[in-house]
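The values are calculated or read from the model by the stated rules, or taken from the named source; none is laboratory data. Predicted model only: the values in this text are computed from it and were never measured. Backbone-built Cβ (ideal geometry, glycine too); neighbour counts: all protein chains shown.
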Amino acid sequence: MVEPLVGLEDVVITTSTICFIDGEKGILRYRGYDVSELGAKSSYEEVSYLLLYGQLPNASQLHQFSDELKKNRPIPDTLATILKAIPPKTDPMAWLRTGVSALAAFDPEAEDNSEAANLRKTLRLVAQTATLTTAIDRIRKKLPLVAPDSQLDHAANFLYMLSGKKPDELSRRAMDLALILQADHELNASTFAGRVTVSTLSDIYSAATSAVGTLKGPLHGGANQRVMEMLEKVGSVAHVEPFIKEQLAAKKKVMGFGHRVYTTLDPRAAILKQMSRDLSQKIGPAQWFEISEAIEQLMLREKNIHANLDFYSASVYRYIGIDTDLFPLIFATSRMIGWCTHFLEQYKNNRLIRPLTQYTGPQGLHYTPLANRNSTAAAH
Ligand code: COA
């Protein structure tokens, strides 16, 4: 009998040329480029092009790509009406999952699985997930929708559609950086879920919907939201020690710490930490960064567990004015390019993904007619 590989830890299921991680050394590369260099020198549009086409664009390619993204930003009016019909208390990630799924109904190429159509649909999905996220936030707050501004880049336009105000340069830069750092991360749970969907030769919208649904969980994309809720609960640096020690004593996970792949500091957390520090000094209040840093130090001292991407992204988002329960949607907005790039790779070299379970239940039972079954038998 083969020992089950529960959680598929350390299992390699395919080759890929998209994303490289060395979890022991804390290295993350997109198409061979270190994320720290991309974060410092590039833009989300450029990184999206790099992921999708495998190389950095020249000036005219970047211009054309950015233009295509801009053209694809508006969502159909009927889709906005559908979003407005959703009860306002719905979890925003569930709302986004519905929105991404509904996009397919408005795309005449939805069922065309050719590479050319999938590249076009990728640009639509990347552009429109940003619009959906901002629309969902404004609809639930009963605010009018803000039309995209073609003068603004992806990050600035996102913040503009969210708040109705053009962002300051530091906030735009923080948004751009967060989008770059979350754009891809190899075969994480949501990418895997989407690749499984593609492996049945289903369409790219179905795969994106699977991925959004998977990202929603607190062990994945829902962690940054829980980090902010924790920072609010802790409230001040003085409360960090008793709060975290109580969590650890109760064997509860501290959100934003630990990683399936990194055994050292997640390189994205280090970059976002610096951005959080800058924002705390220039926008404030300092408290969110200070509490975060105190928790990070304590977790290292007590458990030798490092912060992950979600940890410092929480305070960064708070500083640039994003509501806590919207954090996972920002993650999805950024990750859409990584997901779609993986979907295209899966279509190119597809084999149905279909693992096995090891059956441990009863065998050889015989059917008992309903009338003969014990009415007090325990329900399964
Ligand atoms: N807080 C406290 N302890 C943690 C921890 C955390 N966030 N993450 C891991 N640990 C501890 C576990 O308790 C376990 O200790 P034990 O061996 O003494 O029981 C050990 O580290 C291994 O943890 P495990 O949950 O088995 O690792 P995993 O690879 O299955 O889990 C995560 C990885 C990300 C799911 C896990 O670290 C976690 O739940 N983190 C919090 C959620 C989060 O931030 N998710 C975002 C990921 S990017």
- Message: If I filter segment 265-298 down to residues being of a type in the set (A, V, I, L, M, F, W, C) and more than 18 Å from E232 (Cα to Cα), which single residue comes out as farthest from the ligand (Cβ to nearest atom)?
- Response: M275
- Query: Is it the case that segment 317-340 has a residue that's over 30 Å from S199 (Cα atoms), under 23 Å from the mean Cα position of the chain (by Cα) and within 16 Å of the ligand (Cβ to nearest atom)?
  - Reply: yes
- Message: Within segment 1-89, considering only helices (runs of 4 or more DSSP H) that don't extend past its boundaries, which have at least 1 residues that are within 23 Å of the chain's Cα centre (by Cα) and within 16 Å of the ligand (Cβ to nearest atom)?
- Response: 35-41
- Query: With V234, V196 as the choices, which residue is more than 21 Å from S48 (Cβ to Cβ) and more than 16 Å from the ligand (Cβ to nearest atom)?
  - Reply: V196
- Residues being over 25 Å from the mean Cα position of the chain (by Cα) and not in a helix (DSSP H, G or I) - total across segment 284-316: 4
- Close pairs (8 angstrom Cβ cut-off, 6 or more residues apart or separate chains): modelled with pLDDT under 95 in segment 354-376, in a loop (DSSP other than H, G, I, E, B) and loosely packed, with under 10 Cβ neighbours inside 10 Å anywhere: Q358/M1; Q358/V2
- Note on the structure: Residues of segment 163-185 being within 25 Å of L143 (Cα to Cα) and either free of Cβ contacts under 8 Å to residues at least 40 places away in the same chain or over 18 Å from the mean Cα position of the chain (by Cα) (or both), in sequence order, are S163, G164, K165, K166, P167, D168, E169, S171, R172
- List every residue pair whose Cβ atoms sit under 6 Å apart, with the two residues 6 or more apart in sequence or on different chains, where the first one lies in segment 281-308 and is among the acidic types (D, E) and the second, anywhere, is within 16 Å of the ligand (Cβ to nearest atom). E296/A307
- Message: Considering only residues that are exposed (fewer than 13 other Cβ atoms within 10 Å of the Cβ) and more than 14 Å from S66 (Cα to Cα), which ones fall in segment 144-166?
- Response: P144, A147, K165
- Task: Test L248 against the stated conditions and say whether it is within 16 Å of the ligand (Cβ to nearest atom) and over 26 Å from Y319 (Cα atoms).
- Result: yes
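So that you can scan it fast, the table gives a plain yes or no per residue for (1) loosely packed, with under 10 Cβ neighbours inside 10 Å; (2) more than 27 Å from Y30 (Cβ to Cβ):
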residue	(1), (2)
L309	no, no
I320	no, no
I330	no, no
H342	no, no
R351	yes, no
T357	yes, yes
H366	yes, yes
